[in-house]
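The values are calculated or read from the model by the stated rules, or taken from the named source; none is laboratory data. It should be emphasised that the depicted structure is a prediction, and the values quoted were computed from it without experimental measurement. Cβ sites come from the backbone with ideal geometry, for glycine too, and all protein chains shown count toward neighbours.
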Amino acid sequence: MSKLPSVSSDKIIKRLLKAGFDYAPIKGKGSHIALVRAGNHGEKYLVIIPKRDPVPKGTLISIIKQSGLTREEFIKLME
């Protein structure tokens, strides 16, 4: 299992947008960004990203789970 990188929320947002995510409709003001992506089998993935630098490890694990990506896919995306 690969070690998670230390990354900022801005980098996560940019890379997920390139991977096919879009901004979710704005539901209010705050320090979090919501991204959404439709999956291959009709499922939807909603990822909530706090504006932090760096994003804490536990939050990063949660973002990976929400995105539907594997840990390895996420790490490769962040390179």
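A few comments on the model shown:
- Filter result (of a type in the set (S, T, N, Q) and either touching a residue at least 40 places away in the same chain (Cβ under 8 Å) or touching a Gly at 6+ places or on another chain (Cβ under 9 Å) (or both)) within region 1-56: SER2, SER6, SER8, SER9
- Counting only helices (runs of 4 or more DSSP H) that sit wholly inside the chain, those with at least 3 residues that are surrounded by 13 or more Cβ atoms within 10 Å (Cβ to Cβ), within 11 Å of the chain's Cα centre (by Cα) and among the β-branched types (Val, Ile, Thr) are 57-67.
- Scanning region 1-30 for residues being hydroxyl-bearing (Ser, Thr, Tyr) and modelled with pLDDT under 90 gives a total of 1.
- The requirement of being of a type in the set (Lys, Arg), modelled with pLDDT of 95 or more and closer than 16 Å to LYS76 by Cβ is not satisfied by LYS65.
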